[in-house]
Amino acid sequence: MTTTALPDSRFAVARQVADAVLFEGYVLYPYRASAAKNRLRWQFGVLVPPAWGPAHGEHSFQRTEVVMEPRGAATLAVELRFLHAQRRTVEEVRADGSFATVPELHLPDRVLVPWDEGTEERVEMVVPVAELEEGEVCLPFVRPAREETEPVLGADGREVGRLVRRTERADGVLRLRAEQLDVPYRAFKLTAVVENTSDWTPDAAGADRDVVLPRSLVAAHLLLGLSAGSFLSMTDPPEWAKASVATCANRHTWPVLAGEPGSSDVVLSSPIILEDHPGIAPESIGAMYDATEIDEILALRTAALTDQEKREARGTDARAAAVIDMADTMPPEVLERLHGAVRALREITDPGAPTPESFTELFDEDAVFKPDTPWWDPAHADPADPARDRILIDGTSVGPGSRVLLRPGLRRTDAQDLFLQGAAAQVEAVLHDVDGGVHLAVTVEGDPGADIRREQGRFLYFQPDEVAPLEGA
């Protein structure tokens, strides 16, 4: 068994997703320590000291079990990754040259505040599969306590304060074993256990999570790689292996095939459930740490923060500062890429094809008006240009500039649209969605804000059967 850094790049692709797992929720929009959503952090893959976990509903271990088919004298490369929380406090220089702890320190470009930073830690090993067959292989590891200081300089270059970072000791162990399966092929059930083995005990029963986090393994996950052979998918195994896969017991983590699409020599075992061969969208502009939001929304909202809010975010964490700078300097063409992407288009050509049973209750075929030929069909004779598109309603051609009478449908309308019942409106565009639905973008006649709505492209939307052409349309 070796514990040196892995010599190959088999994990390079998988690490892109693993990085997203490692830092998910690290700091959330609006990226300030003072925000309520940033006061309870690190919900994924936190392995706490055993003495604290059971009474608080958190875990001190995670177990991964997966079926593998090694070939020949294969070796297994393992990489455990986690964050080690370090507590950062802020101190200000006094007149006599001493330092005093302060709740915040104002600088021209940022406001420094106390914060828990996360340093990336790795535990790496390479072990022959034959050694795992003989018995369990254990790799204990320790991350010692330490204290560091960083001077903070003012605009004139003089020291105005310092940051003090204190890290508590964290202990753990990585256990590996392989059990040969009774199947037609040479296959093994691989078990990998990551455990927090800290002997720390809380001084009082009321010790809170903030005291425990610096002694925890945060966002812990595993990368597993075979030098020769393959892993089996846990969600779509071959028929001969389904019974064996069903016996795998994964606790507080879930393994998926990672690496290049189509490959099966790398597994990512993550505390966040993923599908096989997960990937980062090519439109992604970088880490934003808040996957519960859409990148486009995050970028726009971050750019719209006030200067004071941005100073607070920059002083919260270096990663938060990078998000602020990214949002402030994003070129328009990059922002436009975040608006959406169509990966594939598929048309059901048989109008008599039955609707899948699982969608029967969710999809009403009559709820959305659809033309005979969708706008994206190559055989469609008309250009897909909303500015010139027109549609027949009650035998009348309706398009941009047409006047219509609004009669919102009761089944699917917005409640506010009911106030527009019987109002006259002007059609601004005829729009088609990828499902073949048609929608009319309109402005209401007599609306004093109509010109602004046109300039900003903020329209009201109705389907063709919710309007009637007016005379002269």
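Applying the Karplus relation 6.51 cos²θ - 1.76 cosθ + 1.60 with θ = phi - 60° to segment 392-405 yields 3J(HN,Hα) values of 8, 10, 6, x, 10, 6, 10, x, x, x, 5, 9, 9, 9 Hz, where x marks Gly and Pro. Set Lys and Arg Cβ to +1 and Asp and Glu Cβ to -1, take the dipole of the chain about its Cα centre, and tell me which of 85, 38, 144 lies farthest positive. The residue sitting farthest along the positive end of the dipole is 144. Taking every DSSP helix (H) stretch of at least 4 residues in the chain, weighting each as -39,500 (n - 2.57) and dividing the sum by the residue count yields a mean residue ellipticity at 222 nm of -4000 deg cm²/dmol. Over the Cα atoms of segment 249-323, the radius of gyration divided by the Kirkwood radius equals 1.12; this is the Rg/Rh ratio. The listed residues 17, 211, once ranked by accessible area (1.4 Å probe) with the largest placed first, stand as 211, 17. Kirkwood analysis of segment 1-120, using all unique Cα-Cα pairs, places the hydrodynamic radius at 18.7 Å. Accessible area per residue for the chain is 52 Å², calculated with a 1.4 Å probe on protein heavy atoms, without ligands, DNA or RNA. Taking the Cα centre of segment 194-339 as origin and assigning +1 to Lys and Arg Cβ atoms and -1 to Asp and Glu Cβ atoms, the resulting dipole is close to 340 debye. Dipole size of the chain about its Cα centre, with +1 on Lys/Arg Cβ and -1 on Asp/Glu Cβ: approximately 1340 debye, rounded to the nearest 20. In this view, the solvent-accessible surface of residue 397, computed with a 1.4 Å probe and all protein chains in place, comes to about 50 Å². Note on the chain: the C-alpha convex hull projects to 32.6 nm² when averaged across all orientations.
Residues whose amide H lies under 5 Å from that of residue 470, counting only those 5 or more places away or on a different chain, are 403, 404, 405; hydrogens are built 1.01 Å from N in the peptide plane. Each of 339, 252 has its accessible area taken with a 1.4 Å probe; listed largest first, they run 339, 252. A simple packing score, the average count of other Cβ atoms within 10 Å per residue, orders the peptides 38-51, 278-291, 216-229 as 216-229, 38-51, 278-291, with the highest score first.
Calculated over segment 94-202, the projected area of the Cα convex hull averaged across directions stands at 12.3 nm².
The values are calculated or read from the model by the stated rules, or taken from the named source; none is laboratory data. Everything numeric here is computed off the predicted structure, so don't read it as measured data. Every residue, glycine among them, receives a Cβ derived from its backbone with ideal geometry; neighbour counts consider all protein chains shown. Just so you know, the surface numbers come from the protein's heavy atoms only, side chains and all, with ligands and any DNA or RNA stripped out. Shrake-Rupley method; radii C 1.70, N 1.55, O 1.52, S 1.80 Å.
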